[in-house]
Amino acid sequence: MPAAAQRLASRLRVEDLLLILILTLLALRLLLPLAVGVLSSALIDPGADNARLIVTVFALAVQSFFMLMAVVFVAQVRRGLTWQDLGLVRCQQTWIVRAVVFALLMIPVVSLTNLLVQIIQGGNFQNPQLKVLAPSGFSWDAYLSVLVLSAVIVPVTEEIVFRGLFFAWLKGRVGLTAGAGISAVVFALLHGVPQLIPSLSILGVALAYLYEKSGSVWPSIFMHATFNGLMTSLLYYSLAQGLEL
(Lines give C-alpha, C1' and ligand atoms only; values in the text may rest on other atoms or scores of the structure.)
Protein backbone atom coordinates (compact mmCIF):
# COMPACT_ATOMS: atom_id res chain seq x y z
CA MET A 1 0.00 0.00 0.00
CA PRO A 2 1.31 3.52 -0.76
CA ALA A 3 2.62 5.15 2.42
CA ALA A 4 0.13 8.00 1.99
CA ALA A 5 -2.79 5.55 2.25
CA GLN A 6 -1.77 3.75 5.44
CA ARG A 7 -3.12 6.31 7.93
CA LEU A 8 -6.29 6.69 5.88
CA ALA A 9 -7.00 2.95 5.94
CA SER A 10 -6.47 2.78 9.69
CA ARG A 11 -8.48 5.87 10.63
CA LEU A 12 -11.55 5.79 8.39
CA ARG A 13 -14.41 3.51 9.34
CA VAL A 14 -17.41 2.15 7.45
CA GLU A 15 -19.65 4.81 8.99
CA ASP A 16 -17.33 7.50 7.60
CA LEU A 17 -17.82 6.26 4.05
CA LEU A 18 -21.56 6.05 4.61
CA LEU A 19 -21.55 9.62 5.93
CA ILE A 20 -19.70 10.81 2.82
CA LEU A 21 -22.30 9.07 0.66
CA ILE A 22 -25.23 10.54 2.63
CA LEU A 23 -23.82 14.07 2.58
CA THR A 24 -23.14 13.85 -1.15
CA LEU A 25 -26.62 12.53 -1.95
CA LEU A 26 -28.31 15.16 0.23
CA ALA A 27 -26.32 17.90 -1.47
CA LEU A 28 -27.09 16.58 -4.95
CA ARG A 29 -30.79 16.03 -4.24
CA LEU A 30 -31.46 19.24 -2.30
CA LEU A 31 -28.77 21.89 -2.75
CA LEU A 32 -27.86 21.24 -6.39
CA PRO A 33 -31.44 21.55 -7.75
CA LEU A 34 -31.84 24.74 -5.73
CA ALA A 35 -28.62 26.22 -7.11
CA VAL A 36 -29.50 25.21 -10.68
CA GLY A 37 -32.98 26.70 -10.25
CA VAL A 38 -31.57 30.01 -9.06
CA LEU A 39 -29.11 30.12 -11.96
CA SER A 40 -31.80 29.21 -14.51
CA SER A 41 -34.12 31.93 -13.24
CA ALA A 42 -31.33 34.48 -13.56
CA LEU A 43 -30.74 33.68 -17.23
CA ILE A 44 -32.58 35.80 -19.79
CA ASP A 45 -33.58 32.82 -21.94
CA PRO A 46 -33.12 29.49 -20.07
CA GLY A 47 -34.01 27.54 -23.21
CA ALA A 48 -31.29 29.04 -25.37
CA ASP A 49 -28.33 26.88 -26.40
CA ASN A 50 -25.77 28.93 -24.47
CA ALA A 51 -28.02 28.91 -21.38
CA ARG A 52 -28.27 25.11 -21.44
CA LEU A 53 -24.50 24.90 -21.69
CA ILE A 54 -24.04 27.26 -18.73
CA VAL A 55 -26.46 25.25 -16.60
CA THR A 56 -24.81 21.94 -17.58
CA VAL A 57 -21.28 23.10 -16.79
CA PHE A 58 -22.43 24.76 -13.56
CA ALA A 59 -24.33 21.66 -12.39
CA LEU A 60 -21.41 19.28 -13.04
CA ALA A 61 -18.93 21.65 -11.38
CA VAL A 62 -21.13 22.04 -8.30
CA GLN A 63 -21.61 18.27 -8.17
CA SER A 64 -17.83 17.79 -8.05
CA PHE A 65 -17.55 20.49 -5.38
CA PHE A 66 -20.16 18.86 -3.13
CA MET A 67 -18.49 15.45 -3.44
CA LEU A 68 -15.08 16.87 -2.58
CA MET A 69 -16.42 18.90 0.36
CA ALA A 70 -18.05 15.78 1.81
CA VAL A 71 -14.67 14.04 1.72
CA VAL A 72 -12.93 17.07 3.27
CA PHE A 73 -15.45 17.25 6.11
CA VAL A 74 -15.32 13.57 7.00
CA ALA A 75 -11.68 12.70 6.27
CA GLN A 76 -9.97 15.93 7.26
CA VAL A 77 -12.21 17.72 9.74
CA ARG A 78 -13.54 14.67 11.61
CA ARG A 79 -10.58 12.27 11.26
CA GLY A 80 -7.63 14.63 10.97
CA LEU A 81 -6.35 13.27 7.68
CA THR A 82 -4.38 15.44 5.25
CA TRP A 83 -4.30 15.82 1.47
CA GLN A 84 -1.15 13.69 1.57
CA ASP A 85 -3.11 10.92 3.30
CA LEU A 86 -5.58 11.13 0.40
CA GLY A 87 -2.79 10.40 -2.07
CA LEU A 88 -1.73 13.90 -3.11
CA VAL A 89 2.00 13.28 -2.71
CA ARG A 90 4.85 13.85 -5.12
CA CYS A 91 5.83 11.07 -7.50
CA GLN A 92 8.52 10.43 -10.09
CA GLN A 93 7.93 12.29 -13.36
CA THR A 94 8.15 9.03 -15.29
CA TRP A 95 4.80 8.06 -13.78
CA ILE A 96 3.17 11.10 -15.37
CA VAL A 97 4.48 10.00 -18.76
CA ARG A 98 3.20 6.48 -18.12
CA ALA A 99 -0.18 7.91 -17.14
CA VAL A 100 -0.50 9.64 -20.51
CA VAL A 101 0.50 6.42 -22.31
CA PHE A 102 -2.07 4.48 -20.27
CA ALA A 103 -4.75 6.97 -21.27
CA LEU A 104 -3.90 6.56 -24.97
CA LEU A 105 -4.06 2.79 -24.63
CA MET A 106 -7.38 2.90 -22.79
CA ILE A 107 -9.20 4.77 -25.56
CA PRO A 108 -9.35 1.76 -27.95
CA VAL A 109 -9.90 -0.63 -25.01
CA VAL A 110 -12.90 1.35 -23.77
CA SER A 111 -14.25 1.84 -27.29
CA LEU A 112 -13.99 -1.87 -28.15
CA THR A 113 -15.59 -2.85 -24.83
CA ASN A 114 -18.53 -0.53 -25.48
CA LEU A 115 -18.85 -1.96 -28.99
CA LEU A 116 -18.85 -5.51 -27.61
CA VAL A 117 -21.56 -4.62 -25.09
CA GLN A 118 -23.62 -3.09 -27.89
CA ILE A 119 -23.25 -6.25 -30.03
CA ILE A 120 -24.24 -8.50 -27.13
CA GLN A 121 -27.30 -6.38 -26.40
CA GLY A 122 -28.24 -6.35 -30.08
CA GLY A 123 -29.25 -2.72 -29.96
CA ASN A 124 -28.06 0.68 -31.10
CA PHE A 125 -26.83 2.22 -27.87
CA GLN A 126 -26.56 6.00 -27.68
CA ASN A 127 -24.56 7.32 -24.74
CA PRO A 128 -26.70 9.89 -22.86
CA GLN A 129 -23.52 11.46 -21.47
CA LEU A 130 -22.76 12.87 -24.91
CA LYS A 131 -25.87 15.03 -24.83
CA VAL A 132 -24.94 16.24 -21.36
CA LEU A 133 -21.42 17.17 -22.43
CA ALA A 134 -22.60 18.82 -25.66
CA PRO A 135 -26.10 20.20 -24.98
CA SER A 136 -25.87 22.87 -27.66
CA GLY A 137 -23.74 21.28 -30.39
CA PHE A 138 -20.35 22.64 -31.39
CA SER A 139 -19.00 26.01 -30.41
CA TRP A 140 -15.59 27.02 -29.15
CA ASP A 141 -17.08 28.34 -25.91
CA ALA A 142 -18.83 25.02 -25.32
CA TYR A 143 -15.75 22.98 -26.15
CA LEU A 144 -13.38 24.94 -23.90
CA SER A 145 -15.86 25.04 -21.01
CA VAL A 146 -16.54 21.31 -21.13
CA LEU A 147 -12.82 20.58 -21.62
CA VAL A 148 -11.91 22.41 -18.40
CA LEU A 149 -14.68 20.59 -16.57
CA SER A 150 -13.97 17.09 -17.90
CA ALA A 151 -10.17 17.28 -18.03
CA VAL A 152 -9.44 19.27 -14.86
CA ILE A 153 -12.25 19.49 -12.32
CA VAL A 154 -13.77 16.02 -12.67
CA PRO A 155 -10.48 14.04 -12.74
CA VAL A 156 -9.09 15.77 -9.65
CA THR A 157 -12.30 15.24 -7.67
CA GLU A 158 -13.01 11.67 -8.77
CA GLU A 159 -9.45 10.43 -8.30
CA ILE A 160 -9.21 11.84 -4.79
CA VAL A 161 -12.55 10.23 -3.92
CA PHE A 162 -12.36 6.88 -5.73
CA ARG A 163 -8.65 6.11 -5.69
CA GLY A 164 -7.17 8.29 -2.95
CA LEU A 165 -9.94 7.48 -0.47
CA PHE A 166 -12.19 4.59 -1.48
CA PHE A 167 -9.63 2.26 -3.11
CA ALA A 168 -7.04 2.91 -0.40
CA TRP A 169 -9.58 2.14 2.32
CA LEU A 170 -10.84 -1.01 0.62
CA LYS A 171 -7.36 -2.37 -0.02
CA GLY A 172 -6.57 -2.23 3.67
CA ARG A 173 -9.58 -4.44 4.39
CA VAL A 174 -10.20 -6.76 1.44
CA GLY A 175 -6.84 -6.76 -0.35
CA LEU A 176 -5.43 -5.26 -3.53
CA THR A 177 -7.38 -7.21 -6.15
CA ALA A 178 -10.78 -6.96 -4.48
CA GLY A 179 -10.19 -3.34 -3.51
CA ALA A 180 -9.32 -2.35 -7.07
CA GLY A 181 -12.26 -4.29 -8.49
CA ILE A 182 -14.89 -3.03 -6.03
CA SER A 183 -13.77 0.60 -6.24
CA ALA A 184 -13.74 0.37 -10.05
CA VAL A 185 -17.27 -1.03 -10.20
CA VAL A 186 -18.59 1.63 -7.79
CA PHE A 187 -16.84 4.26 -9.91
CA ALA A 188 -18.61 2.88 -13.00
CA LEU A 189 -22.01 2.55 -11.30
CA LEU A 190 -22.04 6.15 -10.13
CA HIS A 191 -21.80 7.36 -13.72
CA GLY A 192 -25.38 6.15 -14.08
CA VAL A 193 -25.20 4.46 -17.50
CA PRO A 194 -25.56 0.64 -17.24
CA GLN A 195 -24.10 -0.02 -20.70
CA LEU A 196 -20.88 1.76 -19.72
CA ILE A 197 -20.27 -0.24 -16.53
CA PRO A 198 -17.90 -2.83 -18.14
CA SER A 199 -15.69 -0.25 -19.90
CA LEU A 200 -15.63 2.20 -16.98
CA SER A 201 -14.80 -0.65 -14.60
CA ILE A 202 -11.79 -1.53 -16.75
CA LEU A 203 -10.77 2.13 -16.70
CA GLY A 204 -11.19 2.21 -12.92
CA VAL A 205 -8.92 -0.82 -12.44
CA ALA A 206 -6.22 0.84 -14.59
CA LEU A 207 -6.48 4.02 -12.49
CA ALA A 208 -6.16 2.01 -9.27
CA TYR A 209 -3.11 0.23 -10.68
CA LEU A 210 -1.38 3.55 -11.35
CA TYR A 211 -2.08 4.75 -7.83
CA GLU A 212 -0.88 1.53 -6.28
CA LYS A 213 2.36 1.34 -8.26
CA SER A 214 3.29 5.04 -8.11
CA GLY A 215 2.30 5.64 -4.48
CA SER A 216 0.55 8.83 -5.51
CA VAL A 217 -2.84 9.79 -6.88
CA TRP A 218 -1.32 12.31 -9.30
CA PRO A 219 -0.63 9.76 -12.08
CA SER A 220 -4.26 8.62 -11.84
CA ILE A 221 -5.38 12.24 -12.13
CA PHE A 222 -3.21 12.79 -15.22
CA MET A 223 -4.42 9.57 -16.84
CA HIS A 224 -8.05 10.42 -16.12
CA ALA A 225 -7.55 14.00 -17.35
CA THR A 226 -5.84 12.88 -20.57
CA PHE A 227 -8.51 10.27 -21.27
CA ASN A 228 -11.41 12.68 -20.64
CA GLY A 229 -9.70 15.48 -22.55
CA LEU A 230 -9.12 13.34 -25.63
CA MET A 231 -12.63 11.89 -25.58
CA THR A 232 -14.12 15.39 -25.20
CA SER A 233 -11.97 16.66 -28.06
CA LEU A 234 -13.04 13.77 -30.29
CA LEU A 235 -16.69 14.46 -29.46
CA TYR A 236 -16.48 18.15 -30.33
CA TYR A 237 -14.39 17.47 -33.43
CA SER A 238 -17.15 15.12 -34.61
CA LEU A 239 -19.78 17.77 -33.88
CA ALA A 240 -17.77 20.31 -35.88
CA GLN A 241 -17.80 17.85 -38.78
CA GLY A 242 -21.59 17.70 -38.71
CA LEU A 243 -22.32 14.78 -36.37
CA GLU A 244 -25.80 14.95 -34.86
CA LEU A 245 -26.33 13.45 -31.38
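The values are calculated or read from the model by the stated rules, or taken from the named source; none is laboratory data. A quick note: this is a predicted structure, and the numbers were derived from the prediction, not measured. So basically every Cβ, Gly included, is an ideal-geometry build from the backbone, and we count neighbours across all protein chains shown. All accessible areas refer to the heavy atoms of the entire protein, side chains included, with ligands and DNA or RNA removed. Shrake-Rupley method; radii C 1.70, N 1.55, O 1.52, S 1.80 Å.
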query = What is the sum of charges around residue 80, taking Lys and Arg as +1, Asp and Glu as -1, for the other residues whose C-beta is under 15 Å from the C-beta of residue 80?
reply = +3
query = So which residue, out of 165, 26, 133, gets the largest mean-square fluctuation from a GNM of the chain using Cα contacts under 10 Å as springs?
reply = 26
query = For segment 103-185, how big is the tail of P(r) above 21 Å, as a whole percent of Cα pairs?
reply = 54 percent
note = Residue-ordered couplings for segment 75-81, obtained by feeding phi - 60° into the Karplus form 6.51 cos²θ - 1.76 cosθ + 1.60 and rounding to whole Hz (Gly and Pro as x), are 6, 8, 6, 7, 10, x, 7
note = Here the Kirkwood hydrodynamic radius of the chain, Cα-based and in Å, equals 18.9 Å
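Please give me the summed charge of the neighbours of residue 228: other residues whose Cβ is under 12 Å from its Cβ, Lys and Arg +1, Asp and Glu -1. Before the final figure, lay out each step's value.
Values: positive: none; negative: 158, 159.
The answer is -2.
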query = Given charges of +1 on the Cβ of Lys and Arg and -1 on the Cβ of Asp and Glu, with all other atoms neutral, how large is the dipole of the chain about its Cα centre, in debye to the nearest 20?
reply = 820 debye
request  = Would you mind working out the accessible area per residue for segment 144-245, using a 1.4 Å probe, and quoting it in Å²?
outcome  = 38 Å²
inquiry  = Which of 101, 154, 14 ends up with the largest GNM mean-square fluctuation for the chain, with Cα atoms connected below 10 Å?
reply    = 14
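Under 8 Å for C-alpha pairs, at least 6 residues apart: give me the relative contact order for the chain, rounded to a whole percent. The partial results should precede the final answer.
On the way: 290 pairs, mean separation 77.7, N = 245.
Relative contact order, the chain: 32 percent.
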key: Portion, in percent, of the accessible area of segment 160-234 that falls on carbon or sulfur, probe 1.4 Å   = 73 percent
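For the chain, what does the helix formula give at 222 nm: sum of -39500 (n - 2.57) over DSSP H segments with n ≥ 4, over the residue count, nearest 500 deg cm²/dmol?
Working: 12 runs with 168 residues, N = 245.
Calculated at 222 nm, the ellipticity per residue is -22000 deg cm²/dmol.
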